[in-house]
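Each remark here refers to the structure printed beneath this line.
Quick note: the coordinates plus some simple rules give every number you see, no bench work behind them. All values derive from a computational prediction rather than experimental measurement. For neighbour counting, all protein chains shown are included, and Cβ atoms are generated from backbone atoms with ideal geometry for every residue, glycine included.
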Amino acid sequence: MKLTMGFIGFGKSVTRYHLPYLLVRDHVKVKKIYSRTKKEEIENTYKTHGIEFTYELNELLNDAEIQLISICTAHNSHYELAKKCLEHNKHVLVEKPFVTTTEEAKELLSLAKERDLVIMPYQNRRFDSDFLALKEVLEKGYLGEVVEVESHMDYYRTEAPTSPGEFYDGAFYGLGVHTLDQIVSLFGKPDKLYYDIRSVRNPKNPDDYYHVELFYPTLKVIVKTNHLVKVPYPRFIVHGTKGSFIKYGIDRQEEFLKAGMMPGSTGFGEDREEHYGVVTYTDEQGQEVQREIPSPTGDYGRVYDSLYDHIINGKQKLVSDEEVLLLMQILENGVKGDNPKVLAFN
């Protein structure tokens, strides 16, 4: 059985981060894409795969064959579009950020539950190679009890032309939504958080820097992005009672996609060997061990595999409703009021 779907939006998000993975999957069929404007040359590329294009939203919403709609539009349009999709009895996948407030998220999740539908954010970075390597190390117990985690995703981009926007247009809602979701998926709800969110390049712009600390009973996690980092930190630094794990280099899927390589091609998304993580720990015999951890190959298409399994086969949803609300609360609390600040998490 195939899962038949459509898209709202036809920008870079769709053509770079969604369609390349869907076109190599047999169990998900993209039937129709709604776009506000006609892009004939680009559309023709995908029409060869049997994808239809429409410029009337209702034509997509009223298509009885379409079970799932993926929303890839401006951040502030997600809530209204997702609500319309649910009201037309469609399952919904929403690009990041899911919505802009916790109340919007609660309403959509409630509506989906009432109608026995699925709505979920596109947390594709749960399938980053670097994050999958970290999960492997944690699952194998090399580090013992983990006491500290640092997650860095930094850049060196000195140019920052003035581009005023809303709180949801900055790096915190744009990238922190992924890096924080990774931590929430591993460790759940923290007891309290420290926030430092600001713009370091141009104060007239939305934030381009965030430093968030999540405090758990026996664990502290630091999640950080800075656009003025010339010499990169490790992607992950993890310390535990038995050892440490260090991993340099971010997932390379985006790099390959930008270069025109497609999922399924030889070597797509593979990590560089020199960036493989290294775990150093004390084994059960008291011997010090240093082990290289080859990075599992990342695959953003696994988000759609998980949706297929949930919608068609009734398996557990990749991102739970509780995780969606927890992350929205963390994001929203971070942009309210002044920074830096410490908040107890209720």
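Roughly how many whole Å is it from the C-alpha centroid of the stretch 137-187 to that of the stretch 258-318? Answer, in whole Å: 18. Rounded to whole Å, the principal axis extents of the Cα atoms in the stretch 3-122 read 40, 26, 25, largest first.
If exposed means no more than 14 neighbouring beta carbons inside 10 Å and the site is in a DSSP loop, what's the longest run of the chain without any exposed GluC sites (Glu not before Pro)? In short, 167-283.
Give me the net charge for the shell around Y21: Cβ to Cβ below 12 angstrom, other residues only, Lys and Arg +1, Asp and Glu -1. Every neighbour counted, the sum reads +1.
In this structure, the residue pairs whose Cα-Cα separation is over 23 Å, taken from K83/K113; K113/K135; K242/K341; K106/K189, are K113/K135; K242/K341. Over the chain, the ratio between the Cα radius of gyration and 2.2 N^0.38 Å evaluates to 1.02. Summing charges over neighbours of Y216, with a neighbour being any other residue whose Cβ is under 9 Å away from its Cβ, gives +1 when K and R count +1 and D and E count -1. In plain terms, the residue of Y304, Y156, Y46 with the fewest other Cβ atoms within 10 Å comes first and the most crowded comes last, giving Y156, Y46, Y304. Using a cutoff of 8 angstrom between alpha carbon atoms and counting only pairs six or more residues apart, the relative contact order for the stretch 3-122 works out to 24 percent.
For the stretch 277-290, the Karplus equation 6.51 cos²θ - 1.76 cosθ + 1.60, evaluated at θ = phi - 60°, returns couplings of x, 10, 10, 10, 8, 9, 7, 5, 8, x, 8, 7, 10, 10 Hz by residue, with Gly and Pro reported as x. Counted by neighbouring Cβ atoms within 10 Å, the residues L138, L86 run from fewest to most as L138, L86.
Taking the number of Cβ atoms within 10 Å of each Cβ as an exposure proxy, the fewest-first ranking of R302, R157 is R157, R302. What's the angle, to the nearest 10 degrees (0 to 90), between helix 78-87's Cα axis and the longest principal axis of the chain? The angle comes out at about 50 degrees. With angles folded into 0 to 90 degrees, how steeply does helix 177-187 sit against the dominant principal axis of the chain? Use alpha carbons for both and round to 10. Approximately 60 degrees, to the nearest ten. The DSSP beta bridges internal to the chain are antiparallel in roughly 60% of cases. Counting charges near L117 (Lys, Arg +1; Asp, Glu -1) among other residues having Cβ under 11 Å from its Cβ returns a value of 0.
Taking 22 Å as the limit for the C-alpha separation, the pairs K204/K258; K220/K317; K224/K247 exceed it in the case of K204/K258; K220/K317. With everything on Cα atoms, drop me the angle between helix 302-313 and the longest principal axis of the chain, reported from 0 to 90° to the nearest 10. The helix 302-313 is inclined about 60 degrees to the chain. For the stretch 67-118, the relative contact order comes to 40 percent (Cα pairs under 8 Å, sequence separation of at least 6).
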